[in-house]
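J.: Structure in structure tokens, see below.
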Amino acid sequence: MTISKVVLETDTSPVTSTGLLDELPKEKLAWMLQKMCETRYFEEKAEELYIRGQVHGTMHLSIGMEAASTGAIAALRPDDLIIHHHRGHGHTIAKGADITLMIAEFLGKEPGYCRGRGGSMHIADIPGGNLGATGVVGSGIPTSVGIALALQMRKSDKVLLSFFGDGATNLGEFHESLNMASVWKLPVVFLCDNNQYGMSAAIKKVTNIDRLSTRAVSYGIPGETTDGNDILAVYQATQTAIDRARAGEGPSLVENVTYRWRGHSKSDRNLYRTQEEIDDWKTRDPIVRFKQVLVEANVMTDEEVEAVDQQAKATIDQAAEEAVSFPEPSPENMEDEVYAP
Amino acid sequence: MTQNGNREITYLEAVREGLILEMRQDPEVFLLGEDIGIYGGAFGVTRGMLEEFGPERIRDTPISEAAIAGAATGAALMGMRPIMEIMFMDFLTISMNQLVNQAAKIRFMFGGKASIPMVVRAPAGSGTGAAAQHSQSLEAWFIHTPGIKVVAPATAADAKGLLISAIRDNNPVIFMEHKLLYRTKGDVAEELYAIPLGKADVKREGSDLTIVAYSIMVPRALEAAEQLAEEGINIEVVDLRTLKPLDEKTIIRSVSKTGRVLIAHEAPRTGGFGGELAAVIAGSEAFDYLDAPIRRLAGRDIPIPYNRTLERSTVPQVEDIVAAARTLAQEGR
């Protein structure tokens, strides 16, 4: 049994896994930056559309958490799978979703990923290996046991990443599922996007351990905590866990410590944390940090980095412009869609 | 062997036979649940199946009903056809999030781009002295959840044929097996056959009064009908078999013919499926043919008690059906 490794406090130092800069091709690193930037601009666009009154429902923004979603998914093969949660725009983008169809779903349009039935909280792209976002905290975790079980029973060498937040780790479903996945040695990596708050509940107030990854000990699986704002640290920890899962050795628990800049959802008045704390975390912006690392290591020039950034912005702007004009779904005959033929 | 070449086997054996035959011809079908392997399941339904299919497909699980339901949901999302056995239907309370918020919703919520072909086998009902937490009939909760189908067979032959259809269905299906029916016997064909979901079956034809029933209430209604036939009351028994989707047509046709209807179920009356059935009948063309009020016979609004006499008095028995049907047959005359 591997005892969970407790690593350093999340800090402002630029990077903890510079070795990867030599290993990964420049295109891959640029792609990682691109997906992070697309996520950031997507979230900002979502906020803008909401403020302009064009969005009917709620949204959960992941600004500040882009390294955790992109870094983990970057370590996957394109045919691998993910299942994730309500704060899932970043995972969906990193898994290669069509951003126009994402925005269309957010706007409740017929051509959207879920034909306007799911909205921001339930974007799924089944052919793309994104098995969907769930809105009930932690609900994807037991489902991921079944997905990974199917992979194992069919002797597939695909791996599943199962994302959830820190709040989900106090659910009974978390315990049941990690235990079951461990005893069956399922090809799944449990990824905790620890943004330190379950709505208003600080994880430190509702949990008496410093590192959520130490819970792995009770399932007899490896657990690791990373600086979740360091995309290369996230990539590396996830890669190790993916290798283990693909080798048939079973699941791992990876905790990526990060922070959400925005409130939980549109109703949040930020009464449970200080502006100083939020401002402090903004100085640890994972995108700024990764750009700095890429430039300092001479992987990309300032100009190249900014070109990626601006291209991402253009992608989002263009997608939003297109999606806004998409048709609305019809309320007729929805009963016919409830059951599969 | 009976004259049509069928054998007489128990309801329990019929369920097992359905599982075995479908598993032999579809490698995507597998079972998971607590103690279903070497133990053979709490009621013995899966006895002997581990030897034929092995521990991969007759999969023992930890006592983790949420994760069992999640494992079934996720495997079904991947296109497999899992059958989860919950030891007692009461324990589905622990599985509810996966069943109601995931399995039932995924298809619609994702715009019709996924499906969840899974079966939940749920031993249900009272009569075994197992008291309040091991005796419930929770069908109404699931009927009330769009995305889920509910099946409650009453005979061995129906159990086998409906189970085959439930496994082949591309949606989550709750398959209720009444514990008192497990040892009842019936004529069952040896081969693999499917009985379509959503089709009621008139188990006894009659002209004076319709009893609409399902699960354990079907044999009780049939026995009550035999007794009342001696008094000259001619009862028709409609066995719903599938509760959702509901075969409204067969109910309406029968009630239109007899003009009187008694609805019988074991689950508590308030909020029970009987209220919905009454509303369906009252809102249909059968209303014009009614000669008496629609009557309901249901479980009392109490948890199932332990003591034999108390337990018996909680859910409708044959004598209760006889008394209610006899009274109803005279109403409005």
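J.: If you fit an axis through the alpha-carbon atoms of helix B:248-258 and take the longest principal axis of the Cα set of chain B, what angle between them do you get, 0 to 90°, nearest 10?
T.: 20 degrees
J.: Just to be sure I understand the model, the point goes 7 Å from the Cα along the line to the Cβ. What's the resulting A:ARG77 to A:ASP22 distance in nm?
T.: 2.7 nm
J.: Trypsin sites (Lys or Arg not before Pro) within segment A:250-341: which are DSSP loop residues with at most 12 other Cβ atoms inside 10 Å?
T.: Details: sites: A:ARG260, A:ARG262, A:LYS266, A:ARG269, A:ARG273, A:LYS282, A:ARG284, A:ARG289, A:LYS291, A:LYS313; in loops: A:ARG260, A:ARG262, A:LYS266, A:ARG269, A:ARG273, A:ARG284.
Those satisfying the criteria are A:ARG269.
J.: Further question on the same structure: First compute the accessible area of the protein assembly as shown with a 1.4 Å probe, then give the percent of it belonging to carbon and sulfur atoms. Spell out each step's value before the answer.
T.: Details: 13250 of 25790 Å².
In the protein assembly as shown, the share of accessible area belonging to carbon and sulfur is 51 percent.
J.: Counting only other chains, what is the mean number of Cβ atoms within 10 angstrom of the Cβ of each residue in peptide B:108-120?
T.: Details: counts 10, 11, 13, 16, 9, 10, 6, 3, 3, 1, 1, 0, 0.
Going residue by residue through B:108-120 and averaging, the value is 6.
J.: Separate question: Please figure out what share of the DSSP beta bridges in segment B:7-188 is antiparallel and state it in percent, rounded to the nearest 5.
T.: Of all bridge pairs located within segment B:7-188, approximately 15 percent are antiparallel.
J.: Then there is this: Helix by helix through chain A, keep the DSSP H runs that span 20 Å or more along the axis on Cα and average at least 0.0 on Kyte-Doolittle, and give those back in order.
T.: Working: long enough: A:26-51 (37 Å, -0.78); A:231-246 (22 Å, 0.12); A:302-324 (33 Å, -0.66).
Helices passing the filter in chain A: A:231-246.
J.: In addition: According to the Kirkwood expression over distinct Cα-Cα pairs, how big is the hydrodynamic radius of chain A, in Å?
T.: Numbers: mean 1/r = 0.0495 Å⁻¹.
The Cα-based Kirkwood calculation yields 20.2 Å.
J.: What FRET efficiency, computed as 1/(1 + (r/R0)^6) with R0 = 56 Å and r the Cβ-Cβ distance, is obtained for A:VAL324 and B:ASP320, rounded to the nearest 0.05? List each step's numbers first, then the result.
T.: On the way: r = 63 Å, r/R0 = 1.12.
Approximately 0.35, to the nearest 0.05.
J.: Considering the options A:VAL293, A:LEU171, A:SER213, tell which one lies farthest towards the positive end of the dipole of segment A:19-320, charges being +1 on Lys and Arg and -1 on Asp and Glu at the Cβ, about the Cα centre.
T.: It is A:LEU171, whose Cα lies furthest towards the positive end.
J.: Which of the trypsin sites (Lys or Arg not before Pro) found in segment B:165-270 are loop residues per DSSP with 11 or fewer other Cβ atoms within 10 Å of their Cβ? Please report the intermediate quantities before stating the final value.
T.: Numbers: sites: B:ARG168, B:LYS179, B:ARG183, B:LYS185, B:LYS199, B:LYS203, B:ARG204, B:ARG220, B:ARG241, B:LYS249, B:ARG253, B:LYS257, B:ARG260, B:ARG269; in loops: B:LYS179, B:ARG183, B:LYS199, B:ARG241, B:ARG260, B:ARG269.
Taking segment B:165-270 and a limit of 11 other Cβ atoms within 10 Å, the loop trypsin sites (Lys or Arg not before Pro) found are B:ARG183.
J.: With a cap of 14 neighbouring Cβ atoms within 10 Å, and only residues DSSP puts in a loop, list the chymotrypsin sites (Phe, Trp or Tyr not before Pro) found in segment B:247-333.
T.: Details: sites: B:PHE273, B:PHE287, B:TYR289, B:TYR306; in loops: B:TYR306.
Listed in order of number, the matching sites are B:TYR306.
J.: Evaluate E = 1/(1 + (r/R0)^6) for B:ARG269 and B:GLU56, where r is the Cβ-Cβ distance and R0 equals 51 Å; express this FRET efficiency to the nearest 0.05.
T.: Details: r = 44 Å, r/R0 = 0.86.
Efficiency computed from Cβ-Cβ geometry: 0.70.
J.: Taking Rh as the Kirkwood radius computed over C-alpha pairs, what is the Stokes-Einstein D of segment A:236-308 at 25 °C in a medium of viscosity 0.890 mPa s, expressed in µm² per second?
T.: Details: Rh = 15.8 Å.
Translational diffusion coefficient: 155 µm²/s.
J.: Calculated from DSSP H runs of 4 or more alone, at -39500 (n - 2.57) each and per residue, what is the 222 nm mean residue ellipticity of the protein assembly as shown, nearest 500?
T.: Numbers: 24 runs with 260 residues, N = 674.
Rounded to the nearest 500, the figure is -11500 deg cm²/dmol.
J.: Run the quick spin-label model on A:VAL338 and A:ASN298: label points 7 Å from Cα toward the beta carbon, then report their separation in nm to one decimal.
T.: 6.6 nm
J.: With axes computed from alpha carbons, what is the tilt in degrees of helix B:273-282 against the longest principal axis of chain B, rounded to the nearest 10 within 0 to 90?
T.: Once rounded, the angle reads 50 degrees.
J.: Multiply the residue separation of A:ARG154 and A:VAL183 by 0.36 nm, subtract the distance between their alpha-carbon atoms, and state the gained length in nm to one decimal.
T.: Full extension of this stretch gives 8.7 nm more.
J.: Oh, and also: From Cα pairs below 8 angstrom and at least 6 apart in sequence, can you work out the relative contact order of segment B:201-330, rounded to a whole percent?
T.: Values: 239 pairs, mean separation 37.1, N = 130.
Reported relative contact order: 29 percent.
J.: Can you give the % of DSSP beta bridges in chain A that are antiparallel, to the nearest 5? Write down the numbers at each step before the final one.
T.: Values: 3 of 27 bridges.
Close to 10 percent.
J.: Mind checking the angle between helix B:217-229 and chain B's longest principal axis? C-alpha axes, 0 to 90 degrees, to the nearest 10.
T.: With both axes taken from Cα atoms, the answer is about 30 degrees.
J.: Right, another one. Is segment B:201-330 best put as rounded, prolate or oblate by its Cα gyration tensor, with a ≥ b ≥ c the root eigenvalues, rounded for a/c under 1.5, and otherwise prolate when a/b is larger than b/c, oblate when not?
T.: Numbers: a/c = 1.78, a/b = 1.29, b/c = 1.38.
Verdict is oblate for segment B:201-330.
J.: With springs only between Cα atoms under 10 Å apart, run a GNM on chain B and tell me which of B:ALA279, B:ALA140, B:ALA14 wobbles the most.
T.: B:ALA279
J.: Here's something else I'd like to know. Given the options A:PRO286, A:PRO222, A:PRO127, state which has the largest fluctuation in a GNM of chain A using a 10 Å cut-off (strictly under) for Cα springs.
T.: A:PRO127
J.: How high is the relative contact order of chain B, in percent, with contacts defined as C-alpha pairs under 8 Å that are six or more residues apart? Walk me through the intermediate numbers first.
T.: Details: 749 pairs, mean separation 53.2, N = 333.
Relative contact order of chain B: 16 percent.
J.: Further question on the same structure: Is the C-alpha gyration tensor of the protein assembly as shown telling us rounded, prolate or oblate? Criteria: a/c under 1.5 is rounded; beyond that, a/b larger than b/c is prolate, otherwise oblate. Walk me through the numbers on the way to the answer.
T.: Working: a/c = 2.57, a/b = 2.02, b/c = 1.27.
Prolate, since a/c reaches 1.5 and a/b exceeds b/c.
J.: Can you figure out the FRET efficiency of B:GLU191 with B:ARG168, using R₀ = 25 Å and their beta-carbon distance, to the nearest 0.05?
T.: Values: r = 16 Å, r/R0 = 0.62.
After rounding to 0.05, the efficiency reads 0.95.
J.: Shifting gears a bit: Which of rounded, prolate, oblate describes segment B:7-188, given a ≥ b ≥ c as roots of the alpha-carbon gyration tensor eigenvalues and a/c under 1.5 marking rounded, otherwise prolate only if a/b is larger than b/c? It would help to have the intermediate numbers written out before the result.
T.: Details: a/c = 1.44, a/b = 1.23, b/c = 1.17.
Rounded is the answer for segment B:7-188, as its axis ratio a/c remains below 1.5.
The values are calculated or read from the model by the stated rules, or taken from the named source; none is laboratory data. Small disclaimer: the values here were computed from a predicted structure and weren't measured. Methodologically, a virtual Cβ is constructed for each residue, glycine included, from the backbone with ideal geometry; neighbour enumeration extends over all protein chains shown. Accessible surface areas use protein heavy atoms only, side chains included; no ligands, DNA or RNA. Shrake-Rupley method; radii C 1.70, N 1.55, O 1.52, S 1.80 Å.
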